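The values are calculated or read from the model by the stated rules, or taken from the named source; none is laboratory data. Just so you know, these numbers come straight off a predicted model, no measurement behind them. In this analysis, Cβ positions are derived from the backbone assuming ideal geometry, glycine residues included, and neighbour counts consider all displayed protein chains.
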Amino acid sequence: MTWQATASAVLDVNAVPILVDIDPETYTIDPRKIEEAVTIRTKCIIPVHLYGRMADMDAIISIANKYKLHVIEDTSHQHGSIWKDKPAGSIGDIGTFSLQSSKILNSGEGGLIITQNKRYYELLMSLVSCGRKLSDESPTMQSGNYRLTEFQAAIALTQLSRLDEHNKVREANARYIEDSISDIKGLRPMYHNPNITFQTYYNFTLRYALPIGMMSIGMCLSGHKKMILYKCVLAKSIGKQRVTNMFLSGKKADGYPSAFL
Ligand SMILES: Cc1ncc(COP(=O)(O)O)c(C=O)c1O
């Protein structure tokens with residue numbers, strides 16, 4: 001479970017991505033499986049903070065230190081999440097954020113890269129702009145044009161000013177759903193790692209246990225699935241008949257949000 005763009009970025013630089021299986025409780029990279037995948041040719045670990053959970057950054061950083069590997073956080077689903085006191089994307093050497101139109105911070109298209117390492121910063125500036133040098137002393141690298149336009153940057157900055165406010169609403173709504181489904185048979189929220197002190201949601205993911213045996217799959221809610229869950233939660237709180245009446249009349253029940261995320 002990941003997104004192909006993360007692995008294809010590795011292929012784009014003629015490197016080989018090795019996929020590591022996920023932790024079924026969080027649907028993010030399982031740190032217990034990383035060491036099995038490390039070889040003498042490994043350069044980097046790329047955790048993808050997927051949907052509504054962050055990967056276990058303490059475990060990942062400790063493995064990276066042990067094998068002297070770089071860490072690039074794919075933070076495309078987690079603009080604003082916090083691990084202990086560090087924002088997602090700022091824990092590894094480099095953090096990347098998609099700003100594509102479906103993301104919770106978006107500028108239509110484009111992305112952001114953050115780092116606190118001066119050399120990586122200079123190399124990245126060269127990488128986005130046809131291999132130009134940032135200054136005479138800066139390192140350079142062969143590249144094409146990956147520049148974000150000023151118009152997109154202006155949109156992203158405006159969106160950024162509202163991100164915290166929107167994230168608080170998303171977080172409250174996600175907790176509301178989690179509380180509401182906690183005793184619905186077959187549904188289970190994802191594990192909350194207490195190290196994640198603030199969690200943002202690109203999508204809301206939950207575990208769905210099928211009645212046959214203990215098989216469990218993740219459900220990432222969007223479109224009609226979100227509506228089914230919404231009805232499910234409401235039915236539990238206000239009764240099935242009132243939910244049916246509400247949807248037939250098109251009126252929202254008092255005190256309930258009209259949409260979740
Ligand atoms: C986890 C993840 N990483 C990377 C990307 C790539 O982002 P972009 O489409 O901005 O290149 C996406 C896009 O959906 C994504 O979900």
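For Lys33, the conditions (1) over 28 Å from Gln142 (Cα atoms); (2) in contact (Cβ under 8 Å) with a residue 24 or more places away in the chain all hold with the exception of (2).
The single residue among Ser102, Ser8, Ser76 that is crowded, with 20+ Cβ neighbours inside 10 Å, within 16 Å of the ligand (Cβ to nearest atom) and small (Gly, Ala, Ser) turns out to be Ser76. Of the strands (runs of 3 or more DSSP E) that lie entirely inside the range 105-212, those containing 1 or more residues that are surrounded by 13 or more Cβ atoms within 10 Å (Cβ to Cβ), of a type in the set (A, V, I, L, M, F, W, C) and touching a Lys or Arg at 6+ places or on another chain (Cβ under 9 Å) span 187-189, 196-198, 204-209. Here Asp74 fits the description: in contact with a Ser or Thr (Cβ under 9 Å, 6 or more places away or on another chain) and of a type in the set (Asp, Glu).
Residue by residue, here is whether (1) small (Gly, Ala, Ser); (2) within 16 Å of the ligand (Cβ to nearest atom) holds:
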residue: Thr42; (1), (2): no, no
residue: Val48; (1), (2): no, yes
residue: Asp58; (1), (2): no, no
residue: Ala64; (1), (2): yes, no
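Do we find that Glu150 is over 30 Å from Met190 (Cα atoms) and charged (D, E, K, R) in this structure? When the stated conditions are applied, Glu150 passes them. For Thr6, the criteria (1) in a helix (DSSP H, G or I); (2) touching a residue at least 24 places away in the same chain (Cβ under 8 Å); (3) more than 27 Å from Ala174 (Cβ to Cβ) hold in every case but one, which is (3). Return the residue satisfying two criteria in turn: it lies in the range 86-99 and is at negative phi and within 13 Å of the ligand (Cβ to nearest atom), and of such residues it is surrounded by the most Cβ atoms within 10 Å (Cβ to Cβ). Selected residue: Ala88. Taken over the range 47-71, residues that are out of contact with any Ser or Thr (no Cβ under 6 Å at 6 or more places or on another chain) and in contact (Cβ under 8 Å) with a residue 40 or more places away in the chain amount to 4. So which residues in the range 36-51 are within 19 Å of Ala5 (Cβ to Cβ) and not in a loop (DSSP other than H, G, I, E, B)? Scanning the range 36-51 gives Cys44, Ile45, Val48. The test for being at pLDDT 95 or above, crowded, with 16+ Cβ neighbours inside 10 Å and either of a type in the set (D, E, K, R) or within 15 Å of the ligand (Cβ to nearest atom) (or both) does not hold for Thr26. For the range 110-119, the condition of being charged (D, E, K, R) and more than 15 Å from the ligand (Cβ to nearest atom) holds for at least one residue.
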